[in-house]
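A quick write-up on the structure given underneath.
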Amino acid sequence: MADTVVGANPDPHAAGEDPNRRDFIHIAATVAAVGAVGGLAWPFIDQMNPAGDTLALASVEFDLTKVETGQQVTIKWRGKPLFIRRRTGKEIAEAIKGDTADLRDKQTDESRHKPGKAEWLILVGTCTHLGCVPTFGGGDYGGWFCPCHGSVYDTSGRIRKGPAPKNLEVPEYTFLSDTKVKVG
Amino acid sequence: MSGHSNYEPKTGFERWLDVRLPIVRLAYDSVVDFPTPKNLNYWWTFGGILAFCLGIQIVTGVILAMHYVPHVDYAFASVERIMRDVNYGWLVRYMHANGASMFFVAVYVHIFRGLYYGSYKAPREVLWILGCVIYLLMMATAFMGYVLPWGQMSFHGAVVITNLFGALPVVGPSITTWLWGGFAVDDPTLNRFFSLHYLLPFMIAGVVILHIWALHVPGNNNPTGVNVKSKADTVPFHPYYTVKDGFAIAVFMLMFASFVFFNPNALGDAVNYVPANPLVTPAHIVPEWYFLPFYAILRAVPNKLAGVLGMFGAIAMLFVLPWLDTSKVRSMRYRPTAKLYFFIFVATCLVLGFCGGRLPDDHVIPKLTTFTLLDADLNSMVWLSRIAATYYFAYFLLILPILGLTETPLPQPESISEPVLSHSANAPAGAAASPEKRG
């Protein structure tokens, strides 16, 4: 760029300097224009990110007495399904047995529930492959099966087979009492 | 566009306009006087058919937008209102929904025609790439349009497709959140999809203009693939190809109408008449038929990122094709070996489409039990998809590059006219010389 401008510059005082004063004006104007366009582009891009009211999503509280052993309740949380599963002794035993298996996303069953609350498994119910909702009771591991692309999760919600890369996500939650949890 | 113009303004108004805005001259040079190879067969009518399809989609789409409500609580009901209460709403919606399928039927024929006759080769690379851009825009438009009725397939299709971007390392999750405008597919997603679904067809129209411009610089390819050598090889676009295209469009409309009036839901999925429920994914989730081959490639790969890359890579192959095919011979009429591989390629695309529509664990041959190879039954759609996907990529990355160097093509004719005129019996002197000129 400097060459063409120097060549085109009829001002004998400016010629020979590199960059000369006219180059400086061109560079400064270009930088200002690019900066302005970039600065203006960001609001147009960022407007598509979650809006304030979407971000201010309330957490949900859930009464656990509604769930019998071996049952699962699905509620909506942040637009996604949330599985609240009360596991049977057999399911818990199978999950612990799975700790030593060759896992794609290594996690012990212990780390996926609250201490002393092995009965309660709370998971975000979206497949970590492409976000479908897995159904309970399918697949070879007694846990969840995703109908979209055939991912299989065990009774701890860990990925065992199929294209999904990760275990079903455990959301942030706390036990408010023995019968009440707060998610989020 | 091609420089020389034979347009002569006839009236005073045309002369006045011509020196101010030569729009009549542009139209005359592009669609009346444009010299076109005289041997174009019916596979060449699909360009005109596609322009017709785009027109139908824009007209019906603008009408539907007058009655549709882009809100998660009202979208489904507003579509049902269009079907039941809006005057002729059923007709306009069925035309739009089936029109999308017709558009893809035509574009696939158009693409395969280009593949067979080597229409992507020099000097038509830019023309071809613009066509690929149109195809990509069509896919984006069709996908977003399918989300708008907010049925079960709409919703979960949107979930799956937007999650594809989540497979990208590092930036993936931020991109999906950005696309959704939230933490899941929800009202903001539906709103922006509606906005973009309305925008993209006009972008397609813009690229179509560039596509036609790029066509009119080198002129049409033709079934022999041999360059136009003289004026004897061409006829004016009007009336020869306006009439031929018009006839083809009329036949195409028969098929279109038979779907709209007699089987309007044959190409759709019944599950999309169930309102969207974010808590339950349908047992068998499939995209519309025109995406099935790519869906099969996605599912064939057991790794999330690799599957997504495979799917986009399948489309990327088309973009780089002009530099993968090493053969100097355009038309496969004169490439018997390549022709064989081409027809296997067409069959492969159909097989992939078949696999994409079935469950991954479905048996290919019913009741036949084989053994498990690696992670799946050998007699399953997964393995058939893998074999077909391998051929799909091999066709572009191995067969076309190598074949161009090793094969022996058949002799090509000297010119477009030569194979016809060399038989003197076929060239009666002066017969049908210029039927376009009256008197």
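Things to note:
- In chain B, the longest principal axis of the Cα atoms and the axis of helix B:237-262 are about 30 degrees apart.
- Among B:Leu168, B:Leu410, the ranking by other beta carbons within 10 Å of each residue's beta carbon, starting with the fewest, stands as B:Leu410, B:Leu168.
- Rounded FRET efficiency, nearest 0.05, which uses the C-beta distance separating B:Asn263 from B:Ala316 and R0 of 35 Å: 0.50
- Phi angles across the stretch B:29-41 convert, under the Karplus curve 6.51 cos²θ - 1.76 cosθ + 1.60 with θ = phi - 60°, into 3J(HN,Hα) values of 5, 8, 10, 10, 8, 4, x, 10, x, 7, 9, 5, 8 Hz, Gly and Pro given as x.
- Residues whose amide H lies under 5 Å from that of B:Val235, counting only those 5 or more places away or on a different chain, are B:Thr36, B:Lys38; hydrogens are built 1.01 Å from N in the peptide plane.
- Summarising the amide proton neighbourhood of A:Val181: residues at separation of 5 or more, or on other chains, whose placed amide H is nearer than 5 Å comprise A:Phe62, A:Leu64, A:Leu176.
- With respect to chain A, whose longest principal axis is taken over its alpha-carbon atoms, helix A:21-46 is tilted by about 20°.
- Using alpha-carbon coordinates, inclination of helix B:336-356 to the longest axis of chain B, degrees: 30 degrees
- Per residue, the average separation of C-alpha pairs within less than 8 Å and at least 6 apart gives chain A a relative contact order of 16 percent.
- Cα-based reach from A:Lys117 at 19 Å (exclusive), listing lysines while leaving out same-chain residues under 8 positions away: A:Lys66, A:Lys90, A:Lys97, A:Lys180, A:Lys182
- Per-residue ellipticity at 222 nm, computed for chain B from helices alone with -39500 (n - 2.57) per DSSP H run of at least four residues, works out to -18500 deg cm²/dmol.
- Efficiency of FRET from Cβ geometry, B:Trp43 and A:Asp102, R₀ 41 Å, rounded to 0.05: 0.20
- Taking trypsin sites (Lys or Arg not before Pro) across the stretch B:1-52, the ones in a DSSP loop with at most 10 further Cβ atoms lying within 10 angstrom of their Cβ are B:Lys10, B:Arg20.
- Within the stretch B:364-412, the chymotrypsin sites (Phe, Trp or Tyr not before Pro) that combine a DSSP coil assignment with at most 14 other C-beta atoms in a 10 angstrom radius are B:Phe371.
- Taken along the Cα-to-beta-carbon direction at a fixed 7 Å, the label points for B:Thr370 and B:Asn277 span 3.7 nm.
A short reminder: the numbers here are calculations on the coordinates, not readings from a lab. Computed from a predicted model, the values in this text were never measured in an experiment. Positions of Cβ are backbone-derived with ideal geometry, glycine not excepted, and every protein chain shown enters the neighbour counts.
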